[in-house]
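Have a look at the structure below, then the notes.
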Amino acid sequence: MIELIDLKKSFDDKWVHKGISLVIPKGQMTVIIGRSGQGKSVLLKEIIGLIKPSSGKVLVDNVDITKLTGRALQNMFKKFGYVFQFAALLDSLTILENIAITLLENRKSLKEAEPIVKEKLALVDLPTNITNKYPSELSGGMRKRVGLARTLITNPEIILYDEPTTGLDPITSRIIHELMFNMQQKLNITSVVVSHDVEIFNYADNVALLDDGKIRYYGQAKEVWQSNNPYIYQFVRGLPEGPIKTEVKS
Amino acid sequence: MALRFFNYIGSSVIRLFSLIGSFTIFVLNSIKTLFSTKLKFHKFIVQSERIGVNSFFITIITGGFAGAVLAIQSFKGFQKFGGEEFIGPVVALSMIRELGPVLTGLMVSGRSGSAIAAELGAMRISEQIDALKTLCIDTYQYLVVPRILAGIFVLPFLSLFSMICGIYGGYLIFTHILGLNPDTYTSGIKEFVEMWDVIGGLIKAAVFGFILTAIGAYKGYRTDGGAMGVGIATTQSVVIGSILIIISNYFLAVILFGPG
């Protein structure tokens, strides 16, 4: 279980998070939605420990990750997988080397790593003949799946997805959502997804809405469309009028 | 007006100390990683090739022509009192003690220091460095230490070639353009140049190798602000690296060769 307790974060004078408290249940998919620039990606990085909050706690299995540094933090990373918005594959490495990087750094040879890589590629529905290609030779959707395969290589308990379908067409987005859902079901992984895409509600268990530095709504994904909460009502329907402030008025 | 002035001075001083502190922590982390983890030898070799082999041509060209120019310019002065025999030692000592290491440092800073900053900067803004961290890979061990060590290792070799080419460039001018006796050039060098001059020059080059790679890696590793941030980091790595090379050259000259 992940628990965020009164999390606050500022960059210079700008407060991005003004006190976020949220419980992310184990083995479920929790989606964090909100308008662009509300600090959703920052929140994910605080959860994994890449960014330290200004104050507050992030408890992962009752360990406060904000207090960890060095080796202790590196050990905590082993619990996590992180799927980056644009996959963050290393340009200079082949797909095989990208997915196997953790194994290669732990003194496994490419030959030893190859069958494990192919197994993970099959899990994300990618053909095994792409292993010798470079990231620049793949489509955006394929790169995201390679990013997921790279994450799965460490058998994480928790996977954080940063806008996994941004920039993808609706069909590929659906394939990615189904893949995430299947992963979560098959491997009983705790998933935290940052997204703008309301389609994800069909696959998620819980939804949290972040606006102006605070969680304004938290509830089950299947209840989102029926909710009378003014924030979630405005957001899912894309209404310009409501409590969520917009910079551009029609 | 006065308040704004003091505010500007104060914030500039804070920024400067913040930069020095942040760079010091970066270097200390690199040193700690070097001694607490195994060196990625393959990456060290790759970086040595990138910094060394790829900078070889520009290094020998600049070294060779610097020596040639030095011979011509010093001839104008020395011929007035018949001191042509001092041209060889002047060229050799200048190349070995100063111009070889400094020119190599500046050229490699422009070529490889900037490339390190740009590469790591691009990795930073595309979240590749964060990705490595989440995969439990020590980014200092994987990205920073091999580059800095390669700089320290390769610069003395490049500098040595620059020195040799500079002295040979001077020799060609001395014998072929000025039409003077080759033995005069070489005998003067043998008389005045000592082994410590060469060792001192190579120590300087190693320090410059550290400076240009550490600055390049630091600016790249700490890049923010997208593509513009990468451009700024790349430019700053060359500017700061070059300035630090020139400043440290003075102190190294005093320490290694004495003020006289």
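Computed from the coordinates by the stated procedures, all read-outs in this text should not be read as laboratory data. Just so it is clear, the model here is predicted, and its values are computed rather than measured. No Cβ is skipped: glycine too gets one built from the backbone with ideal geometry, and neighbour counts run over all protein chains shown.
Miscellaneous remarks
- Peptide A:102-110 is shielded by partner chain Cβ atoms: per residue, an average of 2 of them sit within 10 Å of its Cβ.
- Backbone N atoms of the stretch A:59-91 closer than 16 Å to the 7 Å Cα→Cβ label point of residue A:137 belong to residues A:90-91.
- Over all other residues within a Cβ to Cβ distance under 13 Å of residue A:12, the charged ones net out to +1, with Lys and Arg as +1 and Asp and Glu as -1.
- All C-alpha pair distances within the stretch B:1-108, sorted into 5 Å bins from zero, spread as 2, 9, 10, 10, 10, 10, 11, 10, 10, 9, 6, 2, 0 percent across the bins.
- Measuring between alpha carbons in the structure, the pairs from A:9/A:245; A:67/B:43; A:133/B:133 lying more than 26 angstrom apart are A:67/B:43.
- Ranking of A:151, B:184, A:131 by count of other Cβ atoms within 10 Å, fewest first: B:184, A:131, A:151
- Cα gyration tensor, the stretch A:19-64 - rounded (a/c under 1.5), prolate or oblate: oblate
- Using the Cβ of residue B:241 as centre and a radius below 12 Å, the other residues enclosed give a net charge of +2, where K and R count +1 and D and E count -1.
- Packing-based exposure ordering (other Cβ within 10 Å, fewest first) of B:195, A:1, B:163, B:107: B:195, A:1, B:107, B:163
- Net charge, residue B:19 excluded, C-beta distance under 13 Å - Lys, Arg +1, Asp, Glu -1: +3
- The stretch A:162-187 versus the stretch A:9-27: alpha-carbon centroid distance in Å: 25
- Residue with peak Gaussian network fluctuation, chain B [Cα springs, cutoff 10 Å], from B:205, B:71, B:214: B:71
- Relative protection proxy for A:237-243, B:224-230, from highest mean packing down: B:224-230, A:237-243 (other beta-carbon atoms within 10 angstrom).
- Taking the convex hull of Cα positions in the protein assembly as shown, its mean projected area over all directions (nm²): 31.9
- Partner shielding of B:136-144 amounts to 3, given as the average count of beta-carbon atoms from other chains within 10 Å of each residue beta-carbon.
- The relative contact order of chain B comes to 31 percent, based on Cα pairs under 8 Å that sit 6 or more residues apart.
- Helix-derived mean residue ellipticity, 222 nm - over chain B, DSSP H n ≥ 4, -39500 (n - 2.57), to 500: -26000 deg cm²/dmol
- For the pair the stretch B:193-207 / the stretch B:81-115, the C-alpha centres are spaced 12 Å from each other.
- Exposure proxy order (Cβ contacts within 10 Å, fewest to most) of A:222, A:144, B:80: B:80, A:222, A:144
- The value for chain A of Rg(Cα) / (2.2 N^0.38 Å) is 1.03.
- Gain in span if fully extended, residue B:227 to residue B:176, counting 0.36 nm per residue against the direct Cα distance: 13.3 nm
- Per the Debye formula on identical point scatterers at the alpha carbon atoms of the stretch B:39-255, with no solvent, log10 I(q)/I(0) at q = 0.08 Å⁻¹ is -0.34.
- Between residue B:192 and residue B:42, the simple spin-label model (points 7 angstrom out along Cα→Cβ) gives 5.0 nm.
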